[in-house]
Amino acid sequence: MLPAPPAAEDGLLDDTDLDLIAALQIAPRAPVNALAEAVDSSPSTIARRMARLRREGLLRVVGRLDWPLITTENPRLVWIRCAPGRSQEVAGRIAELEEVQTLLITTGSADIYCTVYPLLGSDIFDLLTRRLPGLPGIVSTQSMLVLRTQSMGQSWRLRRLSGDRVAALAGFGDQVRQEPLTGLHQLNAMELRALELLAADGRVSAAEVARELQVSRSAAYRMTQTLLESGAVWPRVEIEPAALGYPLNALMALTVRPHAIPDVLARLGDHPSARYVAMVAGSSSVIHYGVFRDEQDLARFTTDDLGASADITALDTCVAVRVVRRHWMARHGARLGERLPGFPGRLLRG
């Protein structure tokens with residue numbers, strides 16, 4: 001048996017819920033029967049649980065669009081200092097920018113952290129040099145260009161299931177087999193609409209796509225499979241780590257000796273806390289965005305895991321006091337809000 005995980009926040013989730021979420025993180029589109037078998041439950045129970053989690057705003061399965069299809073270059077990570085007492089006001093203004101994928105109010109050397117994606121049709125230079133720094137209440141901004149991503153949010157796992165159950169689900173999560181798409185121009189209007197449906201609901205069925213697009217079920221199945229197997233869209237589970245017993249979000253900017261960066265990236269990417277790990281160009285060389293059970297958990301990671309490497313020569317940590325947005329979706333404590341209006345439809349429809 002695997003070690004018991006921390007308890008979910010405020011008793012929102014029980015053991016069956018947590019097992020189900022762990023299974024969905026491995027295989028977001030797995031059939032209900034397969035999920036039920038993986039967590040020793042019945043299909044009817046799993047269907048009810050999934051409906052409840054979605055209804056209560058605790059879980060959603062969406063589709064992450066392949067970045068080369070909707071962006072023009074690599075993202076930036078931005079740290080912002082605000083005038084005293086104005087962090088929440090500034091965060092509200094930043095939340096209106098559609099290029100901002102993730103937004104946190106933090107303590108430490110920065111008051112706000114956000115990730116900025118150069119979406120199709122946007123001017124990233126103008127955003128970083130004029131629109132963002134010019135927002136009332138901002139004192140200074142510091143941006144870092146992402147050079148290489150080691151780990152992203154959809155790869156973070158609630159590690160509850162045994163190895164054999166993980167292996168049984170792995171086949172449902174394996175999707176990229178065809179030649180990847182290089183641009184939206186390769187898709188016709190119907191395929192673009194199917195892509196939008198998959199982005200909104202990563203578990204949307206061929207039957208639902210067929211009804212929405214008014215095509216045959218076989219045509220809808222072919223379209224959805226082509227989009228999934230080309231990697232144009234990746235189903236991902238959206239759930240706040242706080243609901244799973246990991247309420248502490250920490251952003252760590254690490255200075256690493258250049259020759260050791262690949263090794264540090266690999267080790268941090270495999271760490272259970274890792275939600276986002278990347279090599280960046282800026283005042284630091286590696287960013288580790290981790291989620292932790294509590295302050296003691298963060299302290300152990302800092303002293304034992306980071307401290308074990310002589311190649312990490314400096315560390316700057318900011319701790320989130322409020323998660324405003326992840327993956328273009330508002331957050332209200334442990335519950336999910338709405339996605340940014342118009343995203344991703346505007347990108348796909350031009």
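The values are calculated or read from the model by the stated rules, or taken from the named source; none is laboratory data. Remember, predicted model here, so these are calculated numbers, not experimental data. Don't worry about glycine lacking a Cβ; one is built from the backbone with ideal geometry, like all the others, and counts go over all protein chains shown. These accessible areas exclude ligands, DNA and RNA; they are computed on the full protein's heavy atoms, side chains included. Shrake-Rupley method; radii C 1.70, N 1.55, O 1.52, S 1.80 Å.
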#### Entry: Out of S151, S143, sole residue that is among the hydroxyl-bearing types (S, T, Y), more than 30 Å from T16 (Cβ to Cβ) and buried (at least 18 other Cβ atoms within 10 Å of the Cβ)
S143
### Task
Take the residues in region 105-140 that are without any contact (Cβ under 8 Å) to a residue 24 or more places away in the chain and of a type in the set (D, E), then tell me which one is most open to solvent (accessible area, probe 1.4 Å).
D123
#### Entry: Set R159, R148: member being within 20 Å of W67 (Cβ to Cβ) and among the basic types (K, R)
R148
### Message
List the strands (runs of 3 or more DSSP E) inside region 225-332, counting only whole elements, that have at least 3 residues being modelled with pLDDT of 95 or more and open to solvent by less than 10 Å² (accessible area, probe 1.4 Å).
### Response
248-256, 274-281, 286-292
## Note on the structure
Among (1) under 27 Å from R93 (Cα atoms); (2) without any contact (Cβ under 8 Å) to a residue 24 or more places away in the chain, R322 falls short only on (2)
### Query
Is it true that W79 is of a type in the set (F, W, Y) and under 26 Å from R322 (Cβ atoms)?
yes
### Query
Within the group R148, R159, which residue is in contact with a Leu (Cβ under 9 Å, 6 or more places away or on another chain) and assigned to a strand (DSSP E or B)?
R148
### Message
If I filter region 215-224 down to residues being open to solvent by 30 Å² or more (accessible area, probe 1.4 Å) and part of a helix (DSSP H, G or I), which single residue comes out as nearest to P180 (Cα to Cα)?
### Response
R222
